[in-house]
Each structure stands twice: as C-alpha cells, then as structure tokens.
1. Check off (1) buried (at least 18 other Cβ atoms within 10 Å of the Cβ); (2) polar (S, T, N, Q); (3) within 34 Å of the chain's Cα centre (by Cα) for Ser393 and give me the number that stays unchecked.
2. If I ask for residues that are out of contact with any Pro (no Cβ under 9 Å at 6 or more places or on another chain) and modelled with pLDDT of 95 or more, which ones from the range 1-24 would you list?
3. Kindly provide the set of residues from the range 33-57 that are in contact with a Pro (Cβ under 7 Å, 6 or more places away or on another chain) and not in a loop (DSSP other than H, G, I, E, B), ordered by number.
4. Please verify whether the range 70-79 includes one or more residues that are closer than 26 Å to Arg245 by Cα and either touching a strand residue (DSSP E or B) at 6+ places or on another chain (Cβ under 6 Å) or assigned by TED's automatic domain parsing to the domain that holds Leu202 (or both).
5. Please specify each residue of the range 211-232 satisfying the condition of being more than 24 Å from the chain's Cα centre (by Cα) and over 15 Å from Val132 (Cα atoms).
6. With the requirement that a residue be part of a loop (DSSP other than H, G, I, E, B) and of a type in the set (Val, Ile, Thr), what does the range 99-147 give you?
7. State the number of residues belonging to the range 218-239 that are surrounded by 13 or more Cβ atoms within 10 Å (Cβ to Cβ) and free of Cβ contacts under 8 Å to residues at least 60 places away in the same chain.
8. Which ones in the range 370-381 are surrounded by fewer than 19 Cβ atoms within 10 Å (Cβ to Cβ) and either hydroxyl-bearing (Ser, Thr, Tyr) or part of a strand (DSSP E or B) (or both)?
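The values are calculated or read from the model by the stated rules, or taken from the named source; none is laboratory data. The structure displayed is predicted, hence computed values, not measured ones. Heads up, the Cβs are rebuilt from the backbone with ideal geometry, glycines too, and the neighbour counts pull from every protein chain shown.
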Amino acid sequence: MTPRSCLAIVLAAGEGTRMRSARPKVLHAIAGQSLLAHVLAAVAKAGVRTTAAVIGPGQDAVAAEVARVCPGAAVFLQQERRGTAHAVLAAKAAIAQQPDDILVVYGDTPLIRPATLQRLRAPLADGAAIAVLGFRPADPAGYGRLIMSGDDLVAIREEADASASERKIDFCNGGIMALSGASALAILERIANHNRKGEFYLTDAVEIARSMALRCVAIEVEEDDVRGINTKSQLAEAEAVAQQRLREAALEAGVTLIAPETVHLCADTKFGRDVVVEPYVVFGEKVTVEDGAVIHSFSHLVGAHVGKGASVGPFARLRPGTQLGDSSHIGNFVEVKAALIEAGAKANHLSYIGDATVGANANIGAGTITCNYDGTDKHRTAIGKDAFIGSNSALVAPVEIGDGAYIASGSVITANVPANALALARARQVVKEGWATRLRSLKSLGKKKAHSRD
C-alpha cells in the first residue's frame, strides 16, 4: 500500500508581545531549542515529508530558523493577521497540490509528540474530512469547546460565542487539526468572518465540513501535547515538562541519573550505555556521552563529545569543540574549549585547555593554561603523547610540546619543546636571609613615628 502523502502547515506568525520580549515568540527556547524547532522536529519524526511555515511581516529570523531546522520547507507570508484560517490559506499554493493529508500545527506548541500527530492523521485514512486534538483541562475557562454527538465532532465553539450549556463542556479544543487534502481547500475557502472579532477562524471548518456531509472526529490527548506558550510563566512550565520527558527517556535508555530532578538536558543530548550522571549537571546543545562515562556534579557541557569511560568534573566546563578520548579525565575547575583530549590523558585540577591537542596519556598539572589568544587571533597548542606538563605552567600558542617531554612547574613556554626533553622557563630562585625580619622592623618603626606625630 502506498503511504499517504502529508503536508504540514506550521503557523509561526506570532509575536513576543505577551512574553515581554522583542524576540518572536516561536524563537524562545526550551530544552536548548526554539519552540519552532521542537515543532518542526516532531513533524519530521511523524513522517511528514512536505512542510510549509507561515510567518508574519518582518520575521526574517523566524524564516531563518525554519531554513536551519527544515531546509526543504516552504515559507509563506501572512501579511495581515486575520485569524487562523486566514493564516492557513497563506499557504494555499501548497494546499492546492492536494496531498492526502494536511496537518495544521502551531509554532508555539513545542510539546507536541510525533506519535500524537500520527494518531491525528489516522482517521483521515478511514474517510474523515477533519480530525482535531482535544483535551480535558482542570479549568476549561478560556478554551474553545468541542461539541460532540457520539463519536462525531459537530462543532468547535469559541468560549466567547458559546452558550451557557456549551460552556459547561470540559472537552476542549487543542487547536491542532488534520484535514483531508481532497476537501481541505473547498472547506477553507468557505470560512467567513462572521465571528465577533471579524476574523477567519479555522475552528469554523468543522461546521462547514458537516454542512457538506463530511465526517469530523476528535482525538483526546494529554494537555501537555497541545500546551501553547504565550507568557514566560508558560515557557517555564513547558520547560519543566520537556525536562521530565527527557529524563524519563534517558533513564529508560539505561542512563543512571543519581538525582534526575537536578539534571538539565537538551533535546539533542545523546547517551551511550552505562553512563552515570551525578546531581546538578547541565547539558547544552550537541553533547554526546559515550558508554561508561561519568559526569560528576556541577559540570556544564555544550557542544562536546565525551569518549567511552571518560570522567568529567566535578565543576568542569566543556565548551563547543571539545572531544574527550576514551578513559580521559577532566577534573574539578577545568575548562576545555575546541580541544582534543586523546585517550587516557588527564587534566585533573584548575586548568584551561583551549584550541589544543593533548596526546594520549599526557598529564596536565594543576593551574596549567594554554594561552591561545593574542588579542587578535586564536592559536593552537599541540601536546604530545605521554608528555608531562608541570603545575602552574603557561603554554603560549602557537607552540608544540613533543612526545614524552617534561615541562617544569611554573614555566612559561614560548618555543617548541622536542620529544623527551625537559623545558624550564622561569627565573632562578634567589634567597635573601633575614630580609623578611628587616622588612617587618622597618614597617613597625614607620608606624611608631606616625603615631608620635598624631
């Protein structure tokens, strides 16, 4: 059987007014990704191959996000904001291609799941013209109500237009809708602006379809699946739901989270088997942790790849471009950026390693830094395998430390060091006997003279 074709229309024209932000609403983020990115990802994972996004005037940043996340998506402009049906019809050229199914989703509903979108499409294959997601909130006030007759959806009534008896209904409109491609355009073009706001409501599509003797249904889902974001408070609530889902998925995959509620994950965080994550760890975008690695408490990882059996933290920071080899160690108060730490290498204390390669089994002493920035450009440091870098050393890039070389503690290295050599770059120690005693005596005498003048 040939799979049914599907067009997803993502409505992303909303502004950030109620968010108290100049940023478009759909570009605010949860779990490290924009609301819009979450929706586009769900659409793609649901098997949709054709996507259209509808944006508002001047929303170049939204268009750019669509292109970044879903490069093949078409972008349509809703010049005037005249309701949801008006927004959908902005993508009329895509609808006119008559896909089997059309999904209408919103760019500010980041918790929608691919499985939910697949459930929504299922009735269309059985002959329904429209399927709508519905939910039962604890307080239905403010939501449109789904008017049912048995298993059939009769109408969607906005609360402002609902009768007293209709307002008692607790089955509410989730907003997300699927339409059969065969009848979608005929239904959408018949929607009139007869509501109180003078807008074109997508919800009117149900009664129009019924008047055309077409069947409409409602699919009940959890409220989180259709949770829309309009305020910073709602953004925080959605973040909490997303984090809980991600933690549950990690635990189900075999990750040990010592205190799950304290770990902050990103939507694209990837874990291998037998990974252990201690409390209070933050994972930013593009982090992969391979089998058997341990991430100790209070560490922050972004754009990093952690090899098998590696150890990170506590209080470590891995910045973008970090690659940790198998069984490597990055310890407390160590920061790594754009660096390759090869297998078995160690930097256990209080160091900065940026724009560098650290060879296998090398040891980086406490307080060591790679001086990678000269005020204008970044330069690289190459440390060979089995090298030993003494504590409190500064390696001024560009510089190369050969395999097996030793750097004496407290050295400032500005030139290449050959393999298996010892490099010392510090002033010779000078000791002046009795100097401290004489200094204290002079200071004491000065204080007595000052008091006598007072």
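1. The failed condition is (3).
2. Matches in the range 1-24: Ala8, Ile9, Val10, Leu11.
3. Step one: list which residues in the range 33-57 are in contact with a Pro (Cβ under 7 Å, 6 or more places away or on another chain), which gives 35, 38-39, 42, 45-46, 50.
Listed by number, the residues that qualify are Leu35, His38, Val39, Ala42, Lys45, Thr50.
4. First, the residues of the range 70-79 that are closer than 26 Å to Arg245 by Cα: 70.
Narrowing the set further to residues that are either touching a strand residue (DSSP E or B) at 6+ places or on another chain (Cβ under 6 Å) or assigned by TED's automatic domain parsing to the domain that holds Leu202 (or both) leaves 70.
The answer is yes; a qualifying residue exists.
5. In the first step, residues of the range 211-232 are kept if they are more than 24 Å from the chain's Cα centre (by Cα); the result is 211-221.
Answer for the range 211-232, where residues must be more than 24 Å from the chain's Cα centre (by Cα) and over 15 Å from Val132 (Cα atoms): Ser211, Met212, Ala213.
6. Thr109, Ile112
7. So the answer is 2.
8. Within the range 370-381, Cys371, Tyr373, Thr376, Lys378 qualify.
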